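Have a look at the structure below before the remarks.
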Amino acid sequence: MTTSLADADWPDFLDHETGRFTYYGDNKKPGSDLHGTSRYGNKLLRWVFENAHSGIEGRQRVPPILVFSAAGTHRDMRFLGLAVPGADGVPLTEDLVAVWKSAGGLRFQNYRAMMTILDIPRINRTWLRSIIDSTNSVADGPEAWVLWKRTGGFRPLKAEKTLKYRTRAQQEPQTPGQKRSSLRSCELLKANRSNSNAVQAGLRNYCSGR
């Protein structure tokens, strides 16, 4: 499965903090039936989700879905992870929905799919080959994959955002006007007698370089 993550009309999106991946199908222009696309991508989406909704036996028929995004240079691709249909907190009636859009005065439908990127940092090529050759068992796969296959439970790949703070130099006023404004602010704050001793000490330290 590939995505550009840059289509404003069909905004595929990976939430790195939750592992939830929103993906739109391949019927992105009017003129075709929902399932009548040239590469049968929407028909495959429907088949995958139908099996995912069919209990443990259905999940055994769902192949690993490898998700790649455009890396921005020629045909380079970035691996986003291994996805499975559905997500925590999303009802089965809402994880694959046909949505309406219009273009050129024509209405048409496309799928919006909710998926989960599993907590599998690396994919073993030998494991993938064994799936293609039908020589593997479920137990041979990564733990998060085995968990989903057996129980339908999700173990998403979560990555919290790092906090970025500007350095003191970056926070310093740069232009003459900004410096004058900063000095004036310091004078007004230091003149405020209602400030506590701790606040006054902090102001003296902050304003000492002004």
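Observations on the structure shown:
- Cα extents of region 117-161 along the three principal axes, largest first (Å): 39, 23, 11
- Region 2-151, Cα convex hull volume normalised per residue, Å³: 137 Å³
- Quick note on region 56-112: its Rg to Rh ratio, both from C-alpha atoms and Rh being the Kirkwood radius, is 1.09.
Each reported figure results from applying straightforward, stated rules to the coordinates on display, with no laboratory input. Everything quoted here is computed from the prediction, not taken from an experiment.
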